Amino acid sequence: MSVRHRSVAVAALAMFATLAAQPAAAHVDYVTEDSGDPLDAVAFVIEVLSDPFNAALFAGSGALGLVGIAAYLWVRPTIVDIVVLREKLAGYADLVPWMLRLAVGLPLVGAGFEGYLFAPTLAFDTGASPLLRVLFIGLGFFTLFGLATRITATVGLLTYAWVFLAVDPLVFLAVEYVPVFLALLILGGGRPSADDMLLAVASTPGSYYGRVDPVQYLKSFLDESTAPLRRYVPTVLRVGMGVSFVYLGLIQKLADPASALQVVEKYDLTAVVPVDPGLWVVGAGVTEVAVGLALIAGFFTRGAAALSFVLFTTTLFGLPDDPVLAHVALFGMASAVFTLGSGPLAFDYWFGRPALDGDDSAVAAD
């Protein structure tokens, strides 16, 4: 077997081991009733890793993952497929606003009908607060249609800020809404969207709609004004997604192991992979923090986004009562980050190696 083939095999083995040994990502609060008996986080981690078997398995999985990444980075300059993939993904960039609108529009409509404030744990009485219900349903439908997208995104950001500051800061569980709203504020509705269709009609000389549309010039002005910021949308999305992952791993698991242990017990995860329950919690927390930091730094960006997508998918299959709508925005973000890559202000952008040697050029981002 050639060195290249051995390297690819090692990379594949490392990826399989990482996915098999680590639990799916999840919002712990969405699937547990209470926090359980409190545990000292530092003492818990020390106790788990003081077991020689746990320590060896934890260190071995981490080392195998690092070897897999290193092997991929070593063979990547010879893989023509990477260039083709990047070029194809670049052609999907104009569809990213549509992806993001679907990603937050659907759960916002669901939040309005079900009666919760962004995060399913923050419920409100739809009968006692009909205007709040209409607000969320309206935000969802306007976002889905791509109608007044930037205004809708602004209202969404203000609503999220109000919930965070005046209602309950635990809405941070759904922090993924913030980068998506920011991205839509910069990008607008894109295509297909009501904004795009109406602007085309309104800007056509002689159209009846163009005589009564009061905002066509405003949209054109905003499109031109936000154009310089478009290159930073990948940065906004990957950093926002990374922050969400770090929060899930650090705050919801490593800092609150009692709640995470309840998830392991509730779904009998030790029957899936027969390891110590504490190692499930520590492994999940460290994995999520590592993926989050990679996204924030823009390191191996598309790989981290792809791994995120796999983790979200296994969560939905592995935790049957985890609310599906709570993860739709994260699925959309992962898809958008995979499509766009790291963008500027990223390790991949500054230090990434091209996918081919010689004069062939490609964006240095994974």
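For residue 224, the criteria (1) open to solvent by 60 Å² or more (accessible area, probe 1.4 Å); (2) under 15 Å from residue 345 (Cα atoms); (3) among the charged types (D, E, K, R) hold in every case but one, which is (2).
Considering only the range 277-289, I want to know if a residue exists there that is open to solvent by 10 Å² or more (accessible area, probe 1.4 Å), small (Gly, Ala, Ser) and either under 27 Å from residue 169 (Cβ atoms) or at pLDDT 90 or above (or both). Checked the range 277-289: no residue is open to solvent by 10 Å² or more (accessible area, probe 1.4 Å), small (Gly, Ala, Ser) and either under 27 Å from residue 169 (Cβ atoms) or at pLDDT 90 or above (or both). Going through (1) within 20 Å of residue 173 (Cβ to Cβ); (2) at pLDDT 80 or above one by one, residue 325 falls short only on (2). One residue alone among 135, 106, 131 is out of contact with any helix residue (DSSP H, G or I) (no Cβ under 9 Å at 6 or more places or on another chain) and not hydroxyl-bearing (Ser, Thr, Tyr), and that residue is 131. Residue pairs whose Cβ atoms lie under 7 Å apart, sitting 6 or more positions apart in sequence or on different chains, and linking a residue in the range 169-184 that is of a type in the set (Gly, Ala, Ser) to a partner that is open to solvent by 10 Å² or more (accessible area, probe 1.4 Å), are 183/236.
For residue 115, state whether it is surrounded by fewer than 16 Cβ atoms within 10 Å (Cβ to Cβ) and modelled with pLDDT under 95. So residue 115 fails the test. Applying the criterion of at least 3 residues that are open to solvent by less than 20 Å² (accessible area, probe 1.4 Å) and either among the β-branched types (Val, Ile, Thr) or out of contact with any Leu (no Cβ under 9 Å at 6 or more places or on another chain) (or both) to the helices (runs of 4 or more DSSP H) found wholly in the range 147-221 leaves 149-162. Does residue 111 satisfy being without any contact (Cβ under 8 Å) to a residue 40 or more places away in the chain and not charged (D, E, K, R)? Considered against the rule, which asks whether it is without any contact (Cβ under 8 Å) to a residue 40 or more places away in the chain and not charged (D, E, K, R), residue 111 comes out as no. Considering the range 1-76, the qualifying helices (runs of 4 or more DSSP H), each wholly inside and each with 1 or more residues that are modelled with pLDDT under 75, run over 3-21, 28-31. When 247, 160 are screened for being in contact with a helix residue (DSSP H, G or I) (Cβ under 7 Å, 6 or more places away or on another chain) and modelled with pLDDT of 95 or more, only 160 passes.
If only residues of the range 118-133 that are aliphatic (A, V, I, L, M) and open to solvent by less than 40 Å² (accessible area, probe 1.4 Å) are counted, the one that is farthest from residue 198 (Cα to Cα) is 122. Picking from residues in the range 134-146 that are more than 21 Å from residue 218 (Cα to Cα) and under 22 Å from the mean Cα position of the chain (by Cα), the one that is most open to solvent (accessible area, probe 1.4 Å) is 141. Looking only at residues in the range 299-313 that are of a type in the set (Ser, Thr, Tyr) and open to solvent by less than 10 Å² (accessible area, probe 1.4 Å), the one that is farthest from residue 348 (Cα to Cα) is 308. Can you tell me which residue is nearest to the chain's Cα centre (by Cα) among those in the range 339-356 that are surrounded by fewer than 22 Cβ atoms within 10 Å (Cβ to Cβ) and modelled with pLDDT of 80 or more? Among residues in the range 339-356 that are surrounded by fewer than 22 Cβ atoms within 10 Å (Cβ to Cβ) and modelled with pLDDT of 80 or more, the one nearest to the chain's Cα centre (by Cα) is 339.
Residue by residue, here is whether (1) within 30 Å of residue 235 (Cα to Cα); (2) open to solvent by 30 Å² or more (accessible area, probe 1.4 Å) holds:
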residue: 40; (1), (2): no, yes
residue: 48; (1), (2): no, no
residue: 57; (1), (2): no, yes
residue: 74; (1), (2): yes, yes
residue: 91; (1), (2): yes, yes
residue: 100; (1), (2): yes, no
residue: 106; (1), (2): yes, yes
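Taking the stated definitions as given, is residue 274 part of a loop (DSSP other than H, G, I, E, B) and open to solvent by 30 Å² or more (accessible area, probe 1.4 Å)? Considered against the rule, which asks whether it is part of a loop (DSSP other than H, G, I, E, B) and open to solvent by 30 Å² or more (accessible area, probe 1.4 Å), residue 274 comes out as yes.
The values are calculated or read from the model by the stated rules, or taken from the named source; none is laboratory data. Just so it is clear, the structure is predicted and the values come from calculations on it, not from any experiment. Heads up, the Cβs are rebuilt from the backbone with ideal geometry, glycines too, and the neighbour counts pull from every protein chain shown. For the accessible areas, the whole protein counts, side chains as well, though only heavy atoms, and no ligand, DNA or RNA atoms are used. Shrake-Rupley method; radii C 1.70, N 1.55, O 1.52, S 1.80 Å.
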